[in-house]
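Participant: My questions will all concern the structure given below.
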Amino acid sequence: MSVLRMIYLALAVWGAVHPMYYFVSWFRANGFDIMGMVDAWHANAASSGLVWDLTIAAVTLTVWIVAEVAVRRNWLALIAIPATFGIGVSCGLPLYLFLRSAPVK
């Protein structure tokens, strides 16, 4: 595995673990209340802007993944879509780059 692929994989793991620490901490303090978390994301204009920024980035990444999978037939790369929306762009993007940079067979 190339150094670049190892970096992508490390970033994907970091992008999964680090944000989840904060999500789990929030759920422990507030209970499993998804709508409460969504309300917290929109506590002020700055956090709302960040939410929309990440939402647009996630949708853009999804369009890119689907377009490339249609051409490259790398079906495994589709796993980056649920990672993006279930964890975040910080995991989905490096995961997709890791999967995309695999040697061509």
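Participant: When you go through Val13, Val104, Val63, Val24 one by one, which is the residue that is of a type in the set (Val, Ile, Thr) and in contact with a Lys or Arg (Cβ under 9 Å, 6 or more places away or on another chain)? Give the steps one after another, and end with the answer.
Facilitator: On the way: Val13 fails: in contact with a Lys or Arg (Cβ under 9 Å, 6 or more places away or on another chain); Val63 fails: in contact with a Lys or Arg (Cβ under 9 Å, 6 or more places away or on another chain); Val24 fails: in contact with a Lys or Arg (Cβ under 9 Å, 6 or more places away or on another chain).
Result: Val104 is the single residue among Val13, Val104, Val63, Val24 that is of a type in the set (Val, Ile, Thr) and in contact with a Lys or Arg (Cβ under 9 Å, 6 or more places away or on another chain).
Participant: In addition: Any residue that is in a helix (DSSP H, G or I) and in contact with a Phe, Trp or Tyr (Cβ under 9 Å, 6 or more places away or on another chain) - is there at least one of those in the range 11-27?
Facilitator: For the range 11-27, residues in a helix (DSSP H, G or I) and in contact with a Phe, Trp or Tyr (Cβ under 9 Å, 6 or more places away or on another chain): present.
Participant: Among the residues of the range 16-38, is any touching a residue at least 24 places away in the same chain (Cβ under 8 Å), within 23 Å of Ala102 (Cα to Cα) and surrounded by 10 or more Cβ atoms within 10 Å (Cβ to Cβ)? Break it down into steps so the answer makes sense when it comes.
Facilitator: Here is the first cut: in the range 16-38, the residues touching a residue at least 24 places away in the same chain (Cβ under 8 Å) are 16, 18-20.
Right, trim to within 23 Å of Ala102 (Cα to Cα) and you get 16.
Checking which are surrounded by 10 or more Cβ atoms within 10 Å (Cβ to Cβ) leaves us with 16.
Yes, the range 16-38 contains a residue that is touching a residue at least 24 places away in the same chain (Cβ under 8 Å), within 23 Å of Ala102 (Cα to Cα) and surrounded by 10 or more Cβ atoms within 10 Å (Cβ to Cβ).
Participant: When only residues in the range 10-39 that are in contact with a helix residue (DSSP H, G or I) (Cβ under 7 Å, 6 or more places away or on another chain) and aliphatic (A, V, I, L, M) count, which is farthest from Val89 (Cα to Cα)? Give the derivation first.
Facilitator: Filtering the range 10-39 for residues in contact with a helix residue (DSSP H, G or I) (Cβ under 7 Å, 6 or more places away or on another chain) gives 11-12, 15-16, 19, 26, 30, 36-37.
Adding the requirement that they be aliphatic (A, V, I, L, M) leaves 11-12, 16, 37.
On the way: Leu11: 11, Ala12: 9, Ala16: 9, Met37: 18 Å.
Among residues in the range 10-39 that are in contact with a helix residue (DSSP H, G or I) (Cβ under 7 Å, 6 or more places away or on another chain) and aliphatic (A, V, I, L, M), the one farthest from Val89 (Cα to Cα) is Met37.
Participant: Can you find a residue that is surrounded by 14 or more Cβ atoms within 10 Å (Cβ to Cβ) and more than 11 Å from the chain's Cα centre (by Cα) anywhere in the range 77-93?
Facilitator: Let us first name the residues in the range 77-93 that are surrounded by 14 or more Cβ atoms within 10 Å (Cβ to Cβ), namely 77-81, 83-85, 87-93.
Okay, now just the ones that are also more than 11 Å from the chain's Cα centre (by Cα), so 77-78.
Yes, some residue in the range 77-93 is surrounded by 14 or more Cβ atoms within 10 Å (Cβ to Cβ) and more than 11 Å from the chain's Cα centre (by Cα).
Participant: Looking for whichever is modelled with pLDDT under 95 and either of a type in the set (Lys, Arg) or out of contact with any Asp or Glu (no Cβ under 9 Å at 6 or more places or on another chain) (or both) here; the options are Phe23, Phe98, Phe85. Which one fits?
Facilitator: On the way: Phe98 fails: modelled with pLDDT under 95; Phe85 fails: modelled with pLDDT under 95.
From the options Phe23, Phe98, Phe85, the qualifying one is Phe23.
The values are calculated or read from the model by the stated rules, or taken from the named source; none is laboratory data. Owing to the predicted nature of the structure, the values given are computational and were not obtained by experimental measurement. Using ideal geometry, Cβ is built from the backbone for each residue, glycine included, and neighbour counts are taken over all protein chains shown.
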